[in-house]
1. In segment 51-81, what residues are touching a Lys or Arg at 6+ places or on another chain (Cβ under 6 Å) and over 23 Å from Q109 (Cα atoms)?
2. Would you say Q117 is over 23 Å from C36 (Cβ atoms), of a type in the set (S, T, N, Q) and in contact (Cβ under 8 Å) with a residue 12 or more places away in the chain?
3. Six or more apart or on different chains, Cβ under 8 Å: which pairs go from a residue in segment 141-154 that's within 20 Å of A52 (Cα to Cα) to one that's exposed (fewer than 11 other Cβ atoms within 10 Å of the Cβ)? Could you list them?
4. Can you tell which of I141, I67 is among the aliphatic types (A, V, I, L, M) and either touching a Cys at 6+ places or on another chain (Cβ under 8 Å) or closer than 24 Å to R14 by Cβ (or both)?
5. Residues in segment 26-81 that are acidic (D, E), under 15 Å from the mean Cα position of the chain (by Cα) and closer than 15 Å to V149 by Cβ: how many?
6. It is to be established whether one or more residues within segment 23-46 are modelled with pLDDT of 95 or more, within 15 Å of E113 (Cβ to Cβ) and not basic (K, R).
7. Which one is surrounded by the most Cβ atoms within 10 Å (Cβ to Cβ), of the residues in segment 117-144 that are among the basic types (K, R) and assigned to a loop (DSSP other than H, G, I, E, B)?
Amino acid sequence: MNSNISTNSQISIRNGNKDDLQKMLILFRETIGNVCKNDYTHDQLEAWKSGAENKERWENVICNQFILMAVHHHKIVGFCTLEKGDYIDLLFVHKDYQHQGIASQLYHQIEKEAVRQNKKYLTADVSKTAKSFFERAGFEIIKEQTVNVKGIDLINYKMEKKLTSSAE
């Protein structure tokens with residue numbers, strides 16, 4: 001696949017690779033700690049951020065998922081991953097690059113990949129913080145769920161979107 005998928009307002013979208021892992025982990029932790037702080041308690045944020053310590057999980061992401069990186073002046077400012085062609089596992093945008101259309105650019109490319117793979121639905125487990133973004137993208141809440149991370153309960157949402165082959 002073309003390594004530079006699209007460019008819009010100086011943000012380029014490219015495929016991710018194993019060399020991106022450390023920067024993905026930093027972005028994951030920092031985004032949760034800053035962007036999600038109005039929706040979750042300190043303990044919930046700390047438990048969620050601890051997911052960055054699960055080496056096996058992140059190696060699985062790098063090896064088995066379709067990964068897109070948003071880059072601005074050689075700096076990774078966001079990423080999105082697609083598991084098995086129909087599950088958005090991770091979608092994070094740097095705290096200093098919120099509300100600039102980066103998540104939308106990443107999502108649009110991920111949806112095109114799912115359609116390319118002839119998937120009928122996209123699903124995601126979505127935080128309170130990201131719920132409105134996914135709703136605007138056409139997802140519907142299947143159910144509210146409580147996940148337990150290191151003894152701490154967090155609320156998120158199982159969401160789904162029916163795809164059409166004309167997702168452009």
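The values are calculated or read from the model by the stated rules, or taken from the named source; none is laboratory data. Predicted model only: the values in this text are computed from it and were never measured. Virtual Cβ from ideal backbone geometry, glycine too; neighbours counted across all protein chains shown.
1. Hit for segment 51-81 is A52, nothing else.
2. Numbers: over 23 Å from C36 (Cβ atoms): yes; of a type in the set (S, T, N, Q): yes; in contact (Cβ under 8 Å) with a residue 12 or more places away in the chain: yes.
Yes; evaluated as a whole, the condition is true for this residue.
3. As it stands, the answer is D153/T146; L154/T146; L154/N148, since those pairs meet every condition given.
4. On the way: I141 fails: either touching a Cys at 6+ places or on another chain (Cβ under 8 Å) or closer than 24 Å to R14 by Cβ (or both).
Only one candidate passes the filter, namely I67.
5. We begin by selecting, within segment 26-81, every residue acidic (D, E); these are 30, 39, 43, 46, 53, 56, 59.
Of the ones still in play, those that are also under 15 Å from the mean Cα position of the chain (by Cα) are 30.
When the remaining residues are screened for being closer than 15 Å to V149 by Cβ, the result is none.
Residues meeting the conditions: 0.
6. Our first condition is that a residue be modelled with pLDDT of 95 or more; within segment 23-46, this holds for 23-46.
From the residues that got through so far, the ones that are within 15 Å of E113 (Cβ to Cβ) too are none.
Checked segment 23-46: no residue is modelled with pLDDT of 95 or more, within 15 Å of E113 (Cβ to Cβ) and not basic (K, R).
7. K119
Quick grid of which residues meet (1) small (G, A, S); (2) in contact with a Phe, Trp or Tyr (Cβ under 8 Å, 6 or more places away or on another chain):
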residue: F92; (1), (2): no, yes
residue: D96; (1), (2): no, no
residue: Q100; (1), (2): no, no
residue: Q109; (1), (2): no, no
residue: V115; (1), (2): no, no
residue: L122; (1), (2): no, yes
residue: G138; (1), (2): yes, no
residue: E144; (1), (2): no, yes
